[in-house]
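Below is one structure, written out as structure tokens, with a few remarks after it.
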Amino acid sequence: MVRVRVLPDYESMSAVAAEIVAERVREKPGAVFLLPTGTTPLGMYRRLVQMHRREGLSFAQATFFNLDEYLGLPPDHPASYHVYMQEHFYGLVDADRARIHVPDGSAPDPEAECERYEAAIREAGGVDLCVLGIGRNGHIGFNEPGAPFDSRTRVVRLAESTRRVNASDFEVDRAPERAITVGMATIFESREVLLLASGANKARAAAAALRGEISEAVPASMLQRHPNATFLLDRDAASPLDGAVSEGEQRSNEGSTWA
Ligand code: PGA
């Protein structure tokens, strides 16, 4: 069963997420992480950078993979996830460049890039901790509704709704039409999964993922089958679940946890 922790607000959700990442890298300095971009993880990254600066939390031996990248964007494009990760995390901590992996959206042969990426995850020994956001349509990474549960890293077409939501990152009116994303099976094989959702506009997706039928129509619902998955929700994202967080799940309030 998926563990659910409901935190009062975005800041406390971000603090718990950062503490979980920090614990994993302290326990296993060479851990392999699969990481998200977007608005949701910004608070988590901000705290991890603070922990690095204030407490010397080190990422020097860890390996990092990113979940996705837009197809056709060179790594120095301001809206690329390469730039996002440099600006918000990799460039601000002691991560080893040789162990940072983001799909190359400008690779001349995108299919070959996907195979190379998938192989690199395998060669790193698989993922210890995958951190995810969730799309309003239930997507994880850029695995849009309908993504096969057995999919691997591949080129995908973005949902129109995703392109609209992400439009503000682009000067032209919408996001690129295609992206490279780590696949559903690759995500599922992570030894631990942490999904973050904040705000009322994620409430339906989070509820469908946790309580709905397990279906490729709601990609995040696949996580109901995962042996070690936790959803960290702020109160707004958890609102439809009120009273429905059951035994075996947890609610948290400012660090205190009760069943
Ligand atoms: P967001 O994106 O964090 O910017 O809301 C999450 C996602 O689409 O996976």
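What order do you get for 36-42, 12-18, 146-152, 58-64 when each peptide is scored by the mean count of other beta carbon atoms within 10 Å, highest first?
Highest mean packing first, the order is 12-18, 36-42, 58-64, 146-152.
Taking springs between alpha-carbon atoms closer than 10 angstrom, which of E11, E171, E160 fluctuates most in the Gaussian network model of the chain?
The residue that fluctuates most here is E171.
Can you work out the PRE-style zone for E189? Point 7 Å along Cα to Cβ, and I want the residues of segment 8-45 with backbone N under 17 Å.
32-35
Coordinate-derived values only; no laboratory data. Just so it is clear, the structure is predicted and the values come from calculations on it, not from any experiment. Methodologically, a virtual Cβ is constructed for each residue, glycine included, from the backbone with ideal geometry; neighbour enumeration extends over all protein chains shown.
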